[in-house]
Amino acid sequence: MLLIVIALIVFTSGCGGRGSVEGYVYAGMDLLPVSGAKVVCTGTKTSAQTDVNGYFRIDNIKVGAQKLTVTDGSTSTQKSVTIVKDQLAKVSVVFQGSLPLNQKEWTILVYMASDNNLHYEGLKDLNEMKKVGSNEQLNVVVQYDGWSNGDSERLYIKSGEALSLEPLGEVDMSLGTTLEEFLKWGLTNFPAENTMLVLWNHGGGVWPRSIGRPGMDGASGGGARASGVSGVGGGGVVQPSGVAWDDSSGVASPWDCLTVDELRIALSKAYSAVPDSKIDIIDFDACLMQMYEVCLELEGLADYIVGSEEVTPGGGNPYTDILTLLEEDPDMTPADFACGVAEEFMDYYDKAVGLYNGLVQSVVKISGQEWEDFKVAMDAFGTELAGLGVDELRADELQHFRNKVAGYYVFEEDVFAGDFEICPVLRFEYPENADLKWMLQTILSSDNAALLPSLQTVAADLLDKLDGIVISAIGMTGESYYGPGSYEGAGGLAILMPCGYDEWSSYKGSNQYVKLKVGNTPWYNVVQNIVPQETSGESLKVELDWNSGNLDLYVFEPHGSWYCTKSFASSTPNGKFTADVSSPNASTSVKETYTLNTDYEAGTYRFYVYCESSYGEPINAVLTIKDGEGEHKFYYDLEPGEFDVYEYQL
C-alpha cells in the first residue's frame with residue numbers, strides 16, 4: 001500500500017509540474033464581456049466557462065506552451081499561452097473581428113509609465129479616466145506599467161471599468177521599442193479621425209540623450225513629475241532628462257528613460273508600420289518637456305505639443321475634466337482640444353489655492369507654415385547671437401550683455417555683489433532651461449540695444465514668429481526666483497541656455513546635446529559661444545587677512561553668479577573657499593582664502609571684501625593675490641556695510 005502511495009506522488013508531482021491560467025473574453029465593437037463561453041486549454045482535461053464578467057480560470061495545466069480555444073455558439077477563437085510551474089498566467093481573449101474597431105472621432109493613447117514613485121498617482125488617474133471612458137466617438141486606451149512585477153497590460157477604458165485587452169507581464173517602459181510596439185498596436189486597432197498620445201511620467205527636458213545602451217535600436221548615440229532632484233544647476237545627483245522612467249527595467253543605469261531622440265525614432269517606426277496613421281497631439285503629462293529642442297526633435301510627427309516649461313504636480317492631468325471635453329463635443333479640432341487640455345489643467349490646479357506655485361502650461365504648433373517660419377527666424381537669431389563679439393560691443397559691455405541673457409545676476413559697478421539684480425530671463429526648476437520669450441524681450445530692452453541693430457531686428461522677428469506657434473500659454477500667479485507673478489508672463493517655450501560652464505559641462509559631450517537635431521542648428525553655436533568656456537594653465541589664490549571684527553570674501557565668477565565663504569562654505573564651480581571666520585579682538589589675526597581650480601572658466605573674476613561688523617573702529621585688511629607672476633597686496637580700511645572690489649582677468 002505504501003509503495004502505491006509513493007508511486008502516485010511521484011506520478012502527480014513529476015513531469016515538469018503544473019500551472020494555471022485566468023483571463024477575460026470580450027467580443028463585439030464595444031468589447032463587451034462574453035458570458036457562458038467555453039474555454040479549453042491544451043495540457044489539461046479541465047475546461048471552464050466564463051461568468052457574467054467574461055472571467056474564467058483553469059488550473060492543473062501542464063507547463064510549457066499551450067493553446068486556449070474559446071467557443072461561444074458557432075464562434076470560436078484561439079490564443080497561445082505559456083504556462084509556468086506554480087504560477088498563474090493571465091490572458092485576455094478578443095474574438096476575431098472585434099479588433100480593429102471601426103473608426104471613431106478620437107482616440108486617446110496613454111503611455112502610463114508608473115513603475116516608479118508615481119505608482120499611486122497612476123492608479124488615481126486610471127480612476128479619473130473611468131469616470132468618462134470610451135464611447136461611440138471616443139477610444140481611451142492605456143498601456144499601464146506599475147510597481148508590481150508582471151502588472152504591465154494594455155487597457156481599454158470604459159465608463160466605470162478598465163478592460164484588460166492584453167496582459168504583457170513585465171515590460172520596460174523606458175525602451176523606445178516598447179513605445180513603438182504600443183503605438184503600432186494602438187494605431188492599428190483603434191483608428192480615429194484624431195489621435196492624442198499622452199506620455200505619462202516624470203520628465204526633464206533634453207539632457208542627457210541616449211548613450212547607446214542595449215535596447216536603444218536606432219538611437220543616434222516624488223511629489224512633482226520631475227526626476228526627483230533639481231537639474232544640473234540645482235544640486236544633488238544629476239538625473240537624465242526625457243520621459244518615462246522605469247524603476248524595474250533591470251538596467252542599473254540613470255539612462256532608464258525615453259530620451260527625446262528615442263521618442264522620435266519610436267514614432268517614426270510606428271508610422272512606417274501603420275501607413276496613413278497620424279498622431280495629432282502629443283501631451284507630455286510630465287515636467288519640463290516644453291522646450292524648443294523637444295519640439296524640433298518631434299517636428300513632422302505631430303501637429304501640437306501640450307506641456308509645461310516648469311515642474312508639474314504629481315497628480316498630473318485632470319483626466320475626468322479633459323475627457324469630458326470630448327464627451328460633450330467629439331467634433332473638437334485638434335487645436336481646440338489641445339488648448340482645452342492646457343486650460344483644464346490650469347483650472348484644476350488654480351482651485352487648489354496655496355498648494356501650488358508657479359505652474360505653467362502651453363500648446364505649441366510644430367507643423368505647417370507657422371512652424372517653418374519660426375525655424376527660419378530661429379536660425380537667423382541664432383546666427384546673429386552666436387556671432388556677437390567685441391566688434392559690436394566692448395569686452396565689458398559684452399560681459400554685461402552675457403550676464404543678462406545667460407547669467408544668474410547682472411554685474412553693476414559700485415554695487416555690492418549681494419545686492420545684484422537677478423538676471424531678467426525667466427528660468428525654471430532646471431535653471432539651464434530659459435524662457436525664450438523673456439530672453440528675446442530682454443535683448444530688445446537691453447541698455448546697449450542701439451549698438452546691436454541687426455540683433456534687434458532678428459530678435460523682434462523671432463518674437464513675432466514665436467507668437468505664431470505658441471497658440472496657448474497660461475501661467476499661474478506665483479513667486480518664482482524673479483518675483484511675484486513672473487510665471488504669468490511665461491512665453492510657453494523654453495530653450496537651453498546654461499548659466500556657465502558648470503551647467504554646460506553636462507551637455508557638451510560628443511554624444512550629448514550635439515547629437516540631437518539642435519546640434520545642426522545655429523543655436524548650438526550660441527550656447528558654445530555665449531557660455532564662458534573652460535580653460536586651464538593659470539594659478540590663482542586670493543587671501544584676505546585681518547583682525548578685530550568680521551569680514552567676508554566674495555567672488556563674482558564669469559558665469560554670472562556670486563559666492564562667499566559665509567554662504568557657500570567650501571566650493572564654487574571654479575574654486576574653493578576656506579571656512580568662514582571672524583576675529584574676536586585686535587590680537588587675533590584670521591584669514592579667508594579662495595583658490596582657483598585647475599580647470600576654470602575664462603573671464604573676469606571680481607573679488608569683494610565686505611565688512612560685516614567691527615568693534616567700533618574700521619577694520620584694516622590685506623588682500624593678497626597670488627598668481628604665476630608673484631604676489632600683489634592691496635590694503636583696505638572698512639567700516640560695517642562698506643566693501644571694495646578687485647578685478648582679475650583669466
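The values are calculated or read from the model by the stated rules, or taken from the named source; none is laboratory data. As the structure is a prediction and not an experimental result, all values here were calculated from the model. When we count neighbours, we look across all protein chains shown, and the Cβ atoms used for this are built from the backbone with ideal geometry, even at glycine. Surface areas here come from the heavy atoms of the whole protein model, side chains and all, with no ligands, DNA or RNA. Shrake-Rupley method; radii C 1.70, N 1.55, O 1.52, S 1.80 Å.
Apolar share of the accessible surface for the chain: 49 percent from carbon plus sulfur atoms, 1.4 Å probe. Straight-line cross-link reach from LYS79 at under 22 Å between alpha-carbon atoms covers these lysines, not counting any fewer than eight positions away in the same chain: LYS38, LYS45, LYS62, LYS67, LYS90, LYS184.
What value, in deg cm²/dmol to 500, does the helix sum -39500 (n - 2.57) over DSSP H runs of n ≥ 4 give at 222 nm once divided by the residues of the chain? Per the formula, -7500 deg cm²/dmol.
Here the chain carries DSSP beta bridges of which approximately 75% are antiparallel, counting only pairs with both residues inside. Amide H contacts under 5 Å for LEU32: ALA27, restricted to partners 5 or more places along the chain or on a different chain, H placed in the peptide plane at 1.01 Å from N. For the range 180-198, the residues whose amide N sits under 17 Å from a probe point set 7 Å from the Cα of ASP336 along the beta carbon direction are 193-196.
Over all other residues within a Cβ to Cβ distance under 15 Å of SER80, the charged ones net out to +3, with Lys and Arg as +1 and Asp and Glu as -1.
All other residues whose Cβ lies under 9 angstrom from that of ASP545 are scored, Lys and Arg at +1 and Asp and Glu at -1, for a net of -1. For a modelled paramagnetic label at LYS38, 7 Å from Cα along Cα-to-Cβ, the residues of the range 57-87 in reach, with backbone nitrogen under 18 Å, are 57-59, 67-79. Positive-end ranking of LEU126, LEU388, PRO522 along the dipole of the chain, with charges on Cβ about the Cα centre, is headed by LEU126. Enter the Cα centre distance for the pair the range 134-182 and the range 27-80, rounded to the nearest angstrom. The range 134-182 and the range 27-80 have Cα centres spaced 21 Å from each other. Could you tell me the center-to-center distance, by alpha carbons, between the range 312-359 and the range 254-298 in angstrom? Taking the Cα centre of the range 254-298 as reference, the centre of the range 312-359 is 21 Å away.
At a probe radius of 1.4 angstrom, the accessible area of the range 429-507 per residue rounds to 34 square angstrom.
Once the Cβ-Cβ distance of SER536 and LEU444 is raised to the sixth power relative to R0 = 45 Å, the FRET efficiency obtained is 0.75.
On a per residue basis, the range 77-202 carries 37 Å² of accessible surface, using protein heavy atoms and a 1.4 Å probe. With K and R counted +1 and D and E -1, the other residues having a Cβ less than 9 Å from that of THR572 yield a net charge of -1. Specify whether the C-alpha gyration tensor of the range 271-364 places it in the rounded, prolate or oblate class, a ≥ b ≥ c being the square roots of the eigenvalues: rounded for a/c under 1.5, otherwise prolate if a/b is larger than b/c and oblate if not. Because a/c hits 1.5 or more and a/b fails to exceed b/c, the range 271-364 counts as oblate. For ARG18, the residues whose amide H sits under 5 Å from its own are ASP86, ignoring neighbours fewer than 5 places away on the same chain, with H placed 1.01 Å from N.
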